[in-house]
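What follows is a single structure, written as C-alpha cells, with notes after it.
Read the figures in this text as sums done on the coordinates, not as results from a lab. Bear in mind the structure is a predicted one, so any value in this text is a computation, not a measurement. So basically every Cβ, Gly included, is an ideal-geometry build from the backbone, and we count neighbours across all protein chains shown.
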Amino acid sequence: MNARLTKLWWFVNDRVYPRLRRFSATESERERALAQTEQEQYLAQIAGLPDDEHVLAEQLEACVKLLDEEEAARRGVEARLTSIVGLSSIAGTIVFSGILALATGTLRADTIVLRSVMALGALYLALQICWAILASVRGLERRPYIAQNPSVILPLPNEVRPVYLRRQIRMCAARLADDRLQNNEKVNQMALAHCATKNFLGGLVALAVLGTCFAMTVKNPSEDLIQTLRKNHDLNELLRGPQGPKGDPGPPGSPGQELRKQLLNPTKRR
C-alpha cells in the first residue's frame, strides 16, 4: 500500500513539477559501492593483461571505440536538449501572448468560469514550458569531464611500449566511466524536459477540449441582448427616444385606376 501511495504521489508530482527522485542514504551508499567495485574490477583486469604489444593495442583500440560511442551519445542528448529549448521558447511566446491578451481584454471571456479555465490553463502551460527550458539548460551546463593533457598522451622518458599502452588503457577506462556518469546526468535532465513537454501537450489538449465545449454550450451574451431588444417593446421604444409631433398630411396621389390607364397608354394625352 505504501508503494502504491508513493507511486501515486510521484505521478501527481510529475504532472505539476517534474523533478528527479533523491536517493536515500542507503541507495547512495550502494551506488558508491558499486562504482568502487567496478573500478577495482577493471583495474584488476588491466593489470592481468599480458605484456604483448599486439594484445594491449587491441584493448586500447576497443576502449577508444567505446569513448567515441559515448561521445556520440553525448552529442545526441545535447542536440535533443537544444531542440527542446528552441521549441519551448516558441511555445512560451505564444502562451505569454495569450495571457497578455486575456489580461488586457483583447481576448474576451464572458463568463467567470471560462475566464478561470483560460487563466489557470495558461498558467499551467507557462509553468510546464519553464520547467522544460530549465531542465534543458541544466542538461547543457558545463561539466567537469576528464581531459587528457599532452603529458598524459605522450610516452614518458624510458617508458617501454607495453607499459605505455597499459597506462593509456587505464586512462581510457577512467574517462569512459566518468563520461557515462556525466552523460547519465544529462539524460536525467532530458527525461525531465520530456516529462514537462508531455505535460504541456496534455494541458494544451485539455484546454482545447474545454474551450470547444464552452463554445458549443455557452450562449453569446450579444445574441441574448438582441433577442431581448426584439421582444421588449418598452425597452425598444426607450432606446428609440421621444417622437416628434405629427406633421400635416401631404397632397393625395392620383387614383390607381387612372394611373394604370396612363401607364398602359403613354401616348394618349389628356
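Across the range 50-224, the mean sequence separation of Cα contacts (distance under 8 Å, 6 or more residues apart), normalised by length, yields a relative contact order of 38 percent. Checking the a/c ratio against 1.5 first, then a/b against b/c, what shape does the Cα gyration tensor give for the range 19-101? It is oblate, given that a/c is not under 1.5 and a/b is not larger than b/c. Along the range 129-141 the Karplus relation, 6.51 cos²θ - 1.76 cosθ + 1.60 evaluated at θ = phi - 60°, assigns HN-Hα couplings of 5, 5, 5, 5, 5, 4, 5, 5, 5, 5, x, 8, 5 Hz to successive residues, with x for each Gly and Pro.
Residue order for Leu49, Leu8, fewest other beta carbons within 10 angstrom first, comes to Leu8, Leu49. From least to most packed, judged by other beta carbons within 10 angstrom and beginning with the fewest, His54, His194 follow the order His54, His194. Over the range 56-139, Cα pairs under 8 Å with separation of 6+ residues give a relative contact order of 43 percent. Using the Karplus relation 6.51 cos²θ - 1.76 cosθ + 1.60 with θ = phi - 60°, the per-residue 3J(HN,Hα) values for the range 193-202 come to 5, 5, 4, 5, 5, 5, 4, 4, 5, x Hz, with x marking Gly and Pro.
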